[in-house]
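Data first, discussion second: the structure below is written as structure tokens.
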């Protein structure tokens, strides 16, 4: 039968019940020191000096040492040791293969001359910024940003360049750039629309450097990926990096 003392002990928070005895003594010593310093009856007695010296010379140093060198955990029992040995002798598990992400592809429908000119200018400006950042051997995102910021590019493209250029030398060990680099844009440029009333149902809103000047282009999608495109429009699926590749004359 539980005694009243046991009942009171169980009412205390678990952190207090599990507090080591030495740390409990330190807490008690701190409370005594505060009482000896601030209580009017005790603060004018020699007890204040005695408690204060004990706090300064012992308690504070002891608490500091305990914080630096906490108690080590309990040693494992025989069952834990045997289980660890079994796991150590077991053959390593094969690394899990990452789940491949679907890649959506679409071709631009026959563009107007005006839209074709905008896309060509975007491509040329992008490659100029890419080349300058690469030639400068920019190895950090901030270094790339300093170079591409003045370029007349949408922010989604500048962000993609800041992420891509440092990898060219560090990860891909590139010595020179290929002439056919696509325009890279972050997924913030993934703005798609759908209407069954159009000849080409899906369109992409191409970002422009200036606010409010985006223009849309019709897309000829892969029919087998139509459900995935619907998911992108409804935002049930999230787009990754967007790459705009020049193909033939378009």
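Values in this text are rule-based calculations from the coordinates and carry no lab data. These numbers come from a predicted model, not from an experiment. So basically every Cβ, Gly included, is an ideal-geometry build from the backbone, and we count neighbours across all protein chains shown.
Key figures
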| read-out | value |
| --- | --- |
| Efficiency of FRET between residue 178 and residue 222 - r from beta-carbon atoms, R0 22 angstrom, step 0.05 | 0.30 |
| Taking the stretch 117-196 and dividing mean pair separation by its residue count, relative contact order in percent (alpha carbons under 8 Å, at least six apart) | 33 percent |
| Extension gain from residue 163 to residue 54, taking 0.36 nm per residue of separation minus the Cα-Cα distance | 33.4 nm |
| Pair residue 191, residue 205: separation of 7 Å Cα→Cβ label points (nm) | 0.4 nm |
| Added length on full extension, which subtracts the Cα-Cα distance from 0.36 nm per residue, residue 37 to residue 64 | 7.5 nm |
| Segment residue 25-residue 131, extension gain: residue separation times 0.36 nm, minus the distance between their alpha carbons | 31.4 nm |
| Inter-site label distance for residue 236 and residue 123 at 7 Å from Cα along Cβ, in nm | 3.4 nm |
